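What follows is a single structure, written as structure tokens, with notes after it.
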């Protein structure tokens, strides 16, 4: 004969009860039963355990009307579409609101019909009703937790950050069977020390992190500080070094678009987390005014920068977005990602080469764009050293074609995305981007009705051709990681941050401006490689080697953002600077066309063309 312990019997009862919580009909029936019980207990406490005949009619009336009104109200509020074993505090609050609505409806009927109920009885069964409904749902939560503990082995986790994001994460962890059990918070706010947040104790400050991890037997450290700068994240990672705990992190606020935090938001620490700066506010009202209800053209739309421009522009509700690119596959991927996000309805894909004047003319004639964001360019430095004419054709001449058509067809403004490599350029790529800037300001004189501006910034993490994906692949292959020079430094930004600032700079321009984004401090590439290796769980120079291959043609050890910092002004945005361009004395276009023609006819050797491009690019600004 099978026998069970008391604990096993209780668990079986709880698990059977748990099944009822997933079916709305059973939940409604149990609610009605609980409300009926509330009425009975109220009468029993006020009068007697066995209701006398004198009160029986009133009791029966209340026992029918009160549960009916409340259950109907809860049903109208969608309470019975909630899976109560997995419910959140928000759903309990919603239940309380609709319970109050049902109770109020009952009270109105009571007053209107002058029912002979005792006020004390009514007050008691209203209070008992919500208490019993809450207890009923709490039992489902208990049964759910019991099932989780009996069926899954979970990892103990310490949550670093007891703010809003940490609280939301803790609650999501506790109501989802995801294999992670939060045990406590760590937070530097002295007011929270020893307090309980989301049912978890704040065990101490980050200075005590190692001791707290060890004392709680934690296997996971969850960093829940989306607004924390990279330096703080880096310090926390270094404090955990050697403990053997897995570290996961919530992305920065700039990447949590809807502001909602959940278990699915957690991911391993990436390099971009260590390079975070103060968060940038996305969705500026000025940007919305710039593009709302208008036709916006984005060139290079399939690239990493162009695709993010498309996403942020679409968020500001343009009438339509022309996503123009030369590569059909990259445009296809962009459209797929926008479709998944539900944002592709107003997007018109255009496959075209910006230096093809005839094709671009037809695009402008057909769609008449109001605003142009120009992100198309050849940007790979060593490749452009081998292909100087193509760099000149696309980067310089293509920009001129686009700018001229924007003016000719009455566009309101054109924003060109430039690069820090255009400052005192030593590469063909940088020189052609500098020439593009100068051509843009040439066109401004010809079409004063269109506002032209250029925005310079450095490297962006995650862009195609960036050094970071290359390092990631080399580490995945077991090394070595190749760095050109141990002292090489570069400026880095996150793509959403850079694009947001580009759009905001675009709202400031009055025509002929050169904006420069605040890139923060330059990053040593060797230190970046070492950090990436450690983030993958290896030790640099021991597990993964770093080889120095020498500076490639056209590269510089350091990049600059300005020709002359004395000719730089601040703007209303502290992260956007305004460089004052030196006025152009004559148009560069004839010289650009001459170079392109000479190369096409074989009239100029490659090295001479490179030298001519570098000479043409420099006018000291």
Cα gyration tensor shape for the range 169-237, rounded if a/c is under 1.5, else prolate or oblate: rounded
nm² value of the averaged projected area, convex hull over the Cα atoms of the range 155-274: 6.7
Packing rank of 185-195, 26-36, where each peptide gets the mean count of other beta carbons within 10 Å, highest leading: 26-36, 185-195
Rounded to 5, percent antiparallel among DSSP beta bridges of the range 155-274: 20
Inter-part distance where the range 163-217 and the range 357-381 are each reduced to a Cα centre, Å: 51
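Within a 10 angstrom radius of the beta carbon, how do 235, 119 rank from fewest other beta carbons to most?
119, 235
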Peptides 568-574, 91-97, 288-294 ordered by average Cβ neighbours within 10 Å, highest first: 288-294, 91-97, 568-574
Per-peptide average of other Cβ atoms within 10 Å, ordering 526-538, 372-384, 428-440 highest first: 428-440, 372-384, 526-538
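Rule-based calculations on the coordinates, nothing more; no lab input. This structure is a prediction, so every number in the text was calculated from the model and none was measured. Because the Cβ atoms are built from the backbone with ideal geometry, glycine has one as well, and the counts that use them run over all protein chains shown.
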